[in-house]
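As structure tokens, the structure follows; a few thoughts come after it.
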Amino acid sequence: MNETANAETILEVRNLTKHFPIYRGFIRKVVGRVQAVNEVSFSVRKGETLGIVGESGCGKTTLGRIILRAYTATDGEVLFRRDTEMVNTFSLKGKELKQLRRNMQIIFQDPFSSLNPRKTVMEIVGEPLLIHGVARGKELESRIGALLELVGLNVKHMNRYPNAFSGGQRQRIGIARALALNPKLVVCDEPVSALDVSVQAQVVNLLEDLQKELGLTYLFIAHDLSVVEHISDRIAVMYLGSFVEMAVAEELYKSPRHPYTEALLSAVPLTDPHTRKVRIVLPGELPNPSDPPSGCRFHTRCSHARDNCKTDVPSWNEISPGHWVACHYAESLSLNGIVTVDRK
Amino acid sequence: MIDYTMQPRRIRELYDRQNLLDQSIAHRMMSSEEIAFATSQWRMMWKKFIRNRVAVIGGVVVLLFYLTALFADFLAPYTLQQRMTEYSFMSPQRIHFFLNGRFQPHVYALERSRDPQTLMRVYVPDKEQPIPMRFFVKGEPYKLFGLLPANRRLFGVEEGIVSILGTDGQGRDMFSRIIIGSQISLTIGLVGVILSLVIGALTGVASGYFGGWVDNIVQRLIEIVRSFPPIPLWMALSAALPRHWPPLWTYFAITVILSLIGWTWLARQLRGKVLALREEDFVMAARLAGAGHGWIIVKHLIPATFSHIIVISTLAMPAMILAESALSFLGLGLRPPLTSWGVLLQQAQNIQVLLLYPWLMTPGIFVALSILAFNFLGDGLRDAADPYTV
Ligand SMILES: Nc1ncnc2c1ncn2[C@@H]1O[C@H](COP(=O)(O)OP(=O)(O)O)[C@@H](O)[C@H]1O
Ligand SMILES: [Mg+2]
């Protein structure tokens, strides 16, 4: 079911599942479970960017945070490369876990909540260095200065508080913090969703530059396909906790194999107005993740759904090399992609 | 580059060189902005606080109260138990400032007589016999701060009596007793609040941060404690204190009893605050950077709740002071020889006193004043406390 881990693989996720229990009442009885992430499997090569796209509430943040070991998974495993071997991260404790944390970091969606308003930029960016006892005093200050320069912030503003910065600058501070410990993998959880469109490109460009310069691997989460297009090597599409399609970016855009991907693509604004196609508007509401539809989770909103979609869960198949789909009719449907302009 | 600290005159010289001036203004603005941006939370709180007149007055009064308590023995002309039996139930004396056109604060000697109708003892000032008030006079010896032996007092008289708030039935000076009594009244609140703070902060932060069963236990405990009506609970507990305990023990036992309920407020408030903070991404960022619970609590949670802690404890002080007074007034709190405002009020506890010797009620004014001052200060601090909404 998985791509075989080769020497290039840095992260491998196997059948990852996360259910949040819903408690009610005085004795905190479990009355239900939010199925936030369901049997997700993929692997990421060193230096690449895997875009993860899905509507809000489909479990992207949860997925990222399980990988970072912020949440414990209900089931499945996450393997992360340490030198030559792949280590099961869920088994790490104490020192080893702390070491793992140096290697994977996060950039948050919300530029406000992610920075403590009571700390100066210097304290914020320096915190990971202090936690790991990497540097102190003058050495710490010069490293913070270097990090700020790296993300394009004025070193002189080190003693300012976050409220003195714009959203884009705040994200840069968050990026500097994430990079402080020289991580290998960075989970970018919708890093530009909260920013003005004019600023979004700058931050995405910065992330791309940093990736090239530092050899970073990105899990780049976004809620629509327009943002991830430029930065992603491969893209995975998520619906209601499950991956429905994953392919090399160009292929996913040109020839999607899942009706949900097609719908998302139809919403991407095109640069050439003559190639405009009809936007596919999905019928109905996003189902409640605590009570997902039977069979294929997408069947309630799928125009191609047939009877067996309501009962049988589609398997996660590699229908052509590197192109994974979870749809009973992936081979037979003819779906419309879009032609994207310039790719990196 | 222009030195932006230059003198105004020097700047005027540059007036015609327009571009240089522009540059200098730009530079000046930058630097003042820089200062504003680097303003810490505390400085912003302070700025907001001092703009609130009532709160500042409250703060000054509170400060004066505590300074008075600190230097009580020096400020009081008499000791707590000093009896001037020939002057019992004397009404407050007027102080006159000018004698024969010269500044010389003085009181008049008193003639004792009885009111022919009520048969009450009255004191008539004898205008012929002014008694000058002396400053830094030698009085009964005392120990300043309970340590340094001293006998100088701020003011006093060499003969007769000076009693600006009157005396009680045993001829003890009310002013001295109130001032010295403030030591206990004001510190019992302080100690009680500190005690509630420690308990409340620990349980509140733990409850909010760890959640789960820790939270459950703490919350149930708070509900149980809160379900008792406080006054009867305090009464029962203090009534249970052994009568033969030395005064100091009773004092501490009373503070413990008072803080037994006080901590629940703080715990609840802090829990709510920490619950919200826990969900902030910057806490997640610290965790994912490898920080332990201790780091997160000390570096992120406590500093963010610090202003709340201060505000809540300031607002808790009046309740403590009032509770002590109430308990002592009911004869269940402190007992003589310990002297607090509540104890003083307890001795003024009948209708006869109210009618004939109303000045014995003055400790009540001090209770009210201190409570008002604390409330004003606390409200001001609360308004100033949140310059940022996290
Ligand atoms: N800590 C949590 N406890 C309970 N439910 C949660 C928690 N975090 C997320 N969820 C639920 O899991 C689902 C996925 O959420 P999330 O991963 O944040 O989605 P996304 O990032 O794609 O918007 C949502 O239904 C959300 O309500
Ligand atoms: Mg999210």
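Coordinate-derived values only; no laboratory data. In this text the structure is predicted, and so the values were computed from the model without any measurement. Note that we place each Cβ from the backbone using ideal geometry, even for glycine, and neighbour counts take in every protein chain shown.
Here are a few things to note about the model shown:
- Residue among A:I131, A:I319, A:I221 with the largest mean-square fluctuation in a Gaussian network model of chain A, springs linking Cα atoms under 10 Å: A:I131
- Estimated vicinal HN-Hα couplings, Hz - region B:368-378 in sequence order (Karplus 6.51, -1.76, 1.60; Gly, Pro = x): 4, 4, 5, 5, 4, 4, 4, 5, 4, 4, x
- Length added when fully stretched, B:N151-B:W249, from 0.36 nm per residue minus Cα-Cα: 32.4 nm
- Qualifying trypsin sites (Lys or Arg not before Pro) in region A:26-99, DSSP loop, other Cβ atoms within 10 Å at most 14: A:R28, A:K93
- Anisotropy class of the protein assembly as shown from Cα gyration tensor, a/c 1.5 cut: prolate
- Computed from the C-beta positions of A:A201 and B:L144 and an R0 of 51 Å, the FRET efficiency is 0.10 to the nearest 0.05.
- Karplus-derived 3J(HN,Hα), 6.51/-1.76/1.60, for each residue of region B:255-264, Hz, glycine and proline x: 4, 4, 4, 5, 7, 4, 9, x, 5, 5
- Pairwise label distance in nanometres, A:N317 with B:W295, each label 7 Å out on the Cα-Cβ vector: 4.8 nm
- Label-point separation, A:E285 to A:A146 (7 Å along Cα→Cβ), nm: 5.3 nm
- Exercise: per-residue mean of other protein chain Cβ atoms within 10 Å, A:123-134: 3
- FRET efficiency estimate (nearest 0.05) - Cβ-Cβ, B:V54 to B:R226, R0 25 angstrom: 0.25
- Within chain B, longest stretch free of exposed GluC sites (Glu not before Pro) [DSSP loop, at most 13 other beta carbons within 10 Å]: B:1-157
- Between the amide H of A:R45 and those of A:I10, distances stay under 5 Å, these residues lying 5 or more places away or on another chain, with hydrogens modeled in the peptide plane.
- With Cα atoms, 0 to 90° folded angle of helix B:18-37 axis to chain B main axis: 60 degrees
- Among A:S232, A:S242, A:S303, residue whose mean-square fluctuation peaks in a GNM of chain A (springs only between Cα atoms under 10 Å): A:S303
- In degrees, nearest ten, helix A:197-214 long axis to first principal axis of chain A (Cα): 70 degrees
- Taking 29 Å as the straight-line reach from the Cα of B:K48, the lysines in range (excluding those fewer than 8 positions away in the same chain) are A:K119, A:K156, B:K273, B:K299.
- Choice from A:L147, A:L63, A:L214 showing the highest fluctuation, given a GNM over chain A with Cα pairs closer than 10 Å: A:L214
- Helix axis angle, B:212-227 relative to chain B longest principal axis, alpha carbon, degrees: 30 degrees
- For the segment A:309-315, counting C-beta atoms of other chains within 10 Å of every residue's C-beta and taking the mean gives 0.
- Long-range amide H partners of A:S320 with built H, under 5 Å: none
- Look at where the Cα atoms of region B:240-291 and of region A:236-254 average out, and the two centres are 51 Å apart.
- Residues B:W42 and A:E250, FRET efficiency given R0 of 51 Å [Cβ-Cβ distance, rounded to 0.05]: 0.40
- For region B:238-296, the set of trypsin sites (Lys or Arg not before Pro) satisfying both a DSSP loop assignment and a count of at most 12 other C-beta atoms within 10 Å is given as B:R243.
- Region A:180-187 - phi-based ³J(HN,Hα) in whole Hz, Karplus 6.51/-1.76/1.60, Gly and Pro as x: 3, 9, 6, x, 8, 10, 10, 8
- Residues listed by number, region B:74-108, amide nitrogen under 15 Å from B:I164 label point at 7 Å toward C-beta: B:74-78, B:92-98, B:104-108
- Cut-off under 5 Å, modelled amide H: who pairs with B:Y357 long-range: none
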